[in-house]
1. A:ALA50 fails exactly one of the following numbered conditions: (1) within 17 Å of the chain's Cα centre (by Cα); (2) of a type in the set (A, V, I, L, M, F, W, C); (3) within 14 Å of chain B (Cβ to nearest Cβ). What is the number of that condition?
2. Quick check on B:VAL29: is it buried (at least 22 other Cβ atoms within 10 Å of the Cβ), closer than 19 Å to B:GLY221 by Cβ, in contact with a helix residue (DSSP H, G or I) (Cβ under 9 Å, 6 or more places away or on another chain) and not polar (S, T, N, Q)?
3. Any idea which of B:PRO38, B:PRO77 is in contact with a strand residue (DSSP E or B) (Cβ under 8 Å, 6 or more places away or on another chain), surrounded by fewer than 16 Cβ atoms within 10 Å (Cβ to Cβ), in the same structural domain as B:GLN173 (by TED's automatic domain parsing) and not aliphatic (A, V, I, L, M)?
4. Name the single residue, out of those in region B:84-119 being under 24 Å from the mean Cα position of the chain (by Cα) and of a type in the set (Val, Ile, Thr), that is nearest to the other protein chains (Cβ to nearest Cβ).
5. Test each condition in (1) within 8 Å of another protein chain (Cβ to nearest Cβ); (2) surrounded by fewer than 23 Cβ atoms within 10 Å (Cβ to Cβ); (3) not hydroxyl-bearing (Ser, Thr, Tyr); (4) not in a helix (DSSP H, G or I) for B:GLU122 and report the one that comes out false.
6. Can you work out which of the residues in region B:147-180 that are assigned to a helix (DSSP H, G or I) and among the charged types (D, E, K, R) is nearest to the other protein chains (Cβ to nearest Cβ)?
7. Yes or no: A:ARG162 among the charged types (D, E, K, R), within 30 Å of B:TYR114 (Cβ to Cβ) and surrounded by fewer than 21 Cβ atoms within 10 Å (Cβ to Cβ)?
8. Take region B:41-57 and flag every residue that is in a loop (DSSP other than H, G, I, E, B), crowded, with 22+ Cβ neighbours inside 10 Å and away from every other protein chain (no Cβ under 14 Å).
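The values are calculated or read from the model by the stated rules, or taken from the named source; none is laboratory data. Just so it is clear, the model here is predicted, and its values are computed rather than measured. Here the Cβ positions follow ideal geometry from the backbone for every residue, glycine too, while neighbour counts run over all protein chains shown.
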Amino acid sequence: MSTTATTTGLDQREGTARRQPGTLRQGLVRGGVELLQFVRERDSVIFGFAYPILMLAIFATVFGDDDPIVVDGVTVSFAQYFLPGMVATGVMLSTYQTLAISIAVERDDGTLKRLRATPLPATSYFLGKVLLSLVTVLAQTALLLAVAALAFGVPLPDDAGRWTTFAWVFVLGTAAGAVCGVAYSSVPSSGRSASAVVVTPILVLQFTSGVFFPVTQLPGWMLDLSSLFPLKWIAQGMRSVFLPDVMASAEPSGAWQHGATAAVLAAWLVVALVVGARTFRWRRHDDG
Amino acid sequence: MQTSDSQVVRVRGLRKRYGSARAGFKDAVAGLDLDVAPGEIVAVLGPNGAGKTTTVEILEGFRDRDAGEVQVLGEDPRRAGRAWRARIGVVMQDSRDMSELTVLEKVRATAASYPDPRDPAEVIGAVGLEEKMRARTRALSGGQRRRLDVALGIIGRPELLFLDEPTTGFDPQARRSFWDLVTGLRDSGTTILLTTHYLDEAAMLADRVVVVRDGVVVASGTPDTLGGPEARTPVVAWDDDGVRRTERTDRPTAVVARLIAAARPDSEIPGLSVTRPTLEDVYLSLIGEAAISDGVGVGAGAGVDDSKEAA
């Protein structure tokens, strides 16, 4: 570094009154940053992104065709039964888990404080996070469906009605999961504890929400408790997409309950949005 | 005294206290006044806990204040918006955020938030990171990270740059080139508010030095005149039958001549020294530490007494 370079290169312009860059444009830049960081962090790719796909592959291989699920005379392969739960899990991991951990870590290490020192609008920051969630969850789900169909012969729906259901459950679940992640990011007291504090509830919910085995095997109180959270409803909505309609009788309520699914997910979306907007902090708890 | 309009920073009676009624309050800033004129480099000096960082973070808009008047670029940082943020640059004291982005990617992404950013490659060159342009920021050394911090602080072409202890952990050569960068920025019209522990850094860079202690300004002036002529008075010291004697005087030669006259011809005066207090001596006396020159407190005696009370 030489003095001449600094004096010639860094002139201060006079009388410039340019406009601030738009919030959307900055949000897209942030989205690009988030995606670059995500794909370069190997652990996040393996444990968040590939997790549902690996789980499907392992479970479908282990149980294979020996353990078909039979309901009212209709038989589906284990892989087919397992797929909706993994789609739902993927949605929650790519939204809630990824966002809650990354925001908690970024608050702890000062990334947020640094961003706060720039003219970046908070909206653009969250837009970047939402873009990351959206891109990863779309890629993850597409890959998951492809593996299920091609490697394990799971029949995918061929009527528009089911794909419509898929679309709204997916969109509502992704949105609810993302705002939950933002709101929950204030819970871990430090970046180091973030993973444990964020992952534990979602791990427990995977077991109690009918992701790994039918919810009918669960005690009633556990099912009632899990019914308060989005994962159970996303999984149930996805079962209505990927399983034959007769299997609705295997649900605890005996129906797919689309109305309740939409209501619970929308409620989480609104409540988490309000809570998140009120509790979001740029700085650590201990930083003034 | 200039009017408030022409000042880049104007602070009057700033107060900030931490703590709670139960645990007791501590005044981090206790009635601090500060002015920074356009194009000036002002260094804020003070021991740890003097309130430097709290003050700077209030000026940056990161913290609320309890009392006092604060104007930065004509606005109150508490209420200032994005357009104001685009006019300031911030290099914070501790930055631990590391990322998988390269230096160039990070600087570019930050530039996207400003209305009139500098050229990213140019800024990276100015802080001496051209060779690390495509390196992941996670892989940078401490000194390189600090330079990246500075690059991110100046990418938006700020009118006012805050540097909070920018060269902590630098090797001497890195500090030297960093100083060139800072003076280069000042020469191009950037106003700079710097906090530092290093006296040589303040002496080298600052047009004006402000010494803060216990949340108030105890002295302010150019590095050459800080503490007033009194604090710069030379000290003559010698041993008299094993007892250390000192004399502060504007005419050290006369004192030495008197000592020579009193001594036997051709004999040495034991332990003779004539010391002119350095900026460091003046600073230490101002913040109430014992000055180092021959163990003599050169500042106001009250400062030394205070440190004993505090200890």
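1. (3)
2. no
3. Unique residue meeting the criteria: B:PRO38.
4. By that ranking, first place goes to B:VAL90.
5. Of the numbered conditions (1) within 8 Å of another protein chain (Cβ to nearest Cβ); (2) surrounded by fewer than 23 Cβ atoms within 10 Å (Cβ to Cβ); (3) not hydroxyl-bearing (Ser, Thr, Tyr); (4) not in a helix (DSSP H, G or I), the odd one out for B:GLU122 is (4).
6. B:ASP180
7. It is false that A:ARG162 is among the charged types (D, E, K, R), within 30 Å of B:TYR114 (Cβ to Cβ) and surrounded by fewer than 21 Cβ atoms within 10 Å (Cβ to Cβ).
8. Listed by number, the residues that qualify are B:GLY46, B:ALA50.
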